[in-house]
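Nothing in this text is a laboratory measurement; each read-out follows from the coordinates by a stated rule. Predicted, not measured: the structure shown is a model, and the values here were computed from it. All Cβ positions, glycine included, derive from the backbone under ideal geometry; neighbour counts span all protein chains shown.
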Amino acid sequence: MRTFLLAALAILSSAAQPAMADAFTYAGHLGTLPVIAEFTGPETGAQQVGRYAYLSKGIDIPLHVIAGGAGLTLREERPCSEALCRKADGELVTQAPLGAEWVLTGAVGDQHLSGRWRDPDSGKSLKLKLELKGRRKVGDSGDAPFDVFSFYAMASGGEPVASPETLPYDFLRMDTPFERGPETALGDGVIRLDTDPRNGLDYPVVVRLSGADPAVLNAALARHRMLSEAPAFACGATAYHGFGWTGSSSDGSDGFEGNWSVEVKHLSSRLLGWSESGSYFCGGAYPDNFTTEYLVDAKSGEPVVAEHLLIGWAGDGPSAALAAYVNQHRDRSDAAREDECGLPDLVQTNLGVFFRQHSLVFTLKGLPHVIFACSDDLLEIPLKDARPLLTDAGAAYFAEFD
């Protein structure tokens, strides 16, 4: 699920999808607590829905629009439990359990919305004040109205979606203080891993960088952080009927349960390289075990495909000559592992490359769950000796070849 979610986040499908409505993002306060909210508009007459999150938690809570128009009345869902969301015959209920009521003046799309939040059980009432922050298109979700807020239901167009303009709600969710980690010198700069206290996920920040503006890299890192944390928040929202509660042990969790790590491997005034690895489970047959390498141009902030810096990379895979080179020079002393994993064949089908600070590393990537244990670094070559493997454009990224 995590892999599919990140792919959907990274870019919109080029296939045309009917636009259901606009979605409007707001930020403000419920009582004294900062919140964000998103509502679909009434343009096509489809069912209007909403979601909101306390910034201190980040978890979406579904909002059911009871009455729209010039004044809005909404009910938020209660978290599911077996008693609330499962019938005596074992089937899931069709109607979500509803809790607090929102009554707002104005209409979806207005610059300002204000009103009251009221808990029907205790009678507690709090002020609501929201300000419009963004607007985006959402696709038709059919019989599951809250799916308009999933990344699978984005409108068409082939444009990158991971920006504050196209995902205003999700970027606002990240506008919260992180716990700063210790500073560490690396390459041409200094880095820090900052932790999101809402889920424990840490991510790099470039504190200082000689020869380049760290703001460029930090903008790219902030975008990647949003993408990487999105599965955790999506899994947390499964505590609610509208966002897919099933009674699974993973419902309402962050999906990672501590199985997350990030490592900065290369930093210069020309390139930043890092990896994410861990295990994510939010329903399904098995967890998504992953290691993903990233490389970004330090001047432009644009992604760089590491394999495209190699001579002998043909389309989506290595040339026969490059695969033969890796197979010839890597350690093949573990005969049992060679046989069980079929490593010579995997070099041809799943070869990847990343850069440490002073070396080029051939590795295996994209292995399916059943052979993920075969993932391993195959061959490490000092950068000073790697020039014959690099294109001219690739060599230009490294001071060793100036």
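Would you mind pulling out the separation of the Cα centroids of segment 268-300 and segment 87-139, in Å?
Using only Cα atoms, the two centres lie 35 Å from each other.
When the convex hull of the C-alpha atoms of the chain is computed, what volume per residue in Å³ does it have?
Convex hull volume per residue, Cα atoms: 163 Å³.
Cα-based Rg (one decimal) and Dmax (whole number) for segment 183-297, in Å?
Spelled out, the Cα radius of gyration and Dmax of segment 183-297 are 16.2, 53 Å.
Given a Förster distance of 51 Å, report the FRET efficiency between SER333 and ALA219 from their Cβ-Cβ distance, rounded to the nearest 0.05.
Values: r = 45 Å, r/R0 = 0.87.
Plugging the Cβ-Cβ distance into 1/(1 + (r/R0)^6) gives 0.70.
What FRET efficiency would be calculated for the residue pair ASP402, GLN47, taking the C-beta separation as r and a Förster radius of 45 Å, to the nearest 0.05?
0.15
Residue separation times 0.36 nm, minus the C-alpha to C-alpha distance between GLU82 and GLU263: what's the value?
Going from the current span to full extension adds 61.2 nm.
With labels modelled as points extended 7 Å from the Cα through the Cβ direction, what inter-label distance (nm, one decimal) is found for ILE381 paired with SER248?
4.2 nm
Does segment 230-331 come out rounded, prolate or oblate by the C-alpha gyration tensor, with a ≥ b ≥ c the root eigenvalues, rounded set by a/c under 1.5 and, if not, prolate when a/b is larger than b/c and oblate if not? All intermediate terms of the calculation are to be shown ahead of the outcome.
On the way: a/c = 2.89, a/b = 1.95, b/c = 1.48.
Here segment 230-331 falls in the prolate category.
HIS358 to TYR54: extension gain in nm, 0.36 nm per residue of separation minus the Cα-Cα distance?
Full-extension gain reported as 105.1 nm.
Starting from the Cα of ASP89, move 7 Å in the Cα-to-Cβ direction to define the label point; list residues of segment 231-258 whose amide nitrogen is under 17 Å from there.
Residues passing the 17 Å test: none.
Pulled fully out, how much extra length does the chain show between SER210 and SER275, if you take 0.36 nm times their separation in residues and subtract their Cα-Cα distance? Let's see the in-between values first.
Working: separation 65, 0.36 × 65 = 23.40 nm, distance 2.21 nm.
Gain in length upon complete extension: 21.2 nm.
Count of lysine pairs in the chain with Cα atoms under 30 Å apart, counting only pairs 8 or more residues apart in sequence or on different chains?
17
So, in nm, how far is label ILE311 from label ASP392 when the simple model puts each one 7 Å beyond its Cα toward the Cβ?
Going by the 7 Å Cα→Cβ label model, 1.3 nm.
With 10 angstrom as the radius, rank VAL108, VAL205 by how many other C-beta atoms surround their C-beta, starting from the fewest.
Details: VAL108 24, VAL205 21.
The most exposed by this proxy come first: VAL205, VAL108.
What nm value, rounded to one decimal, do you get for the distance between VAL370 and SER319 when each label is placed 7 Å out toward the C-beta?
Roughly 3.4 nm, to one decimal.
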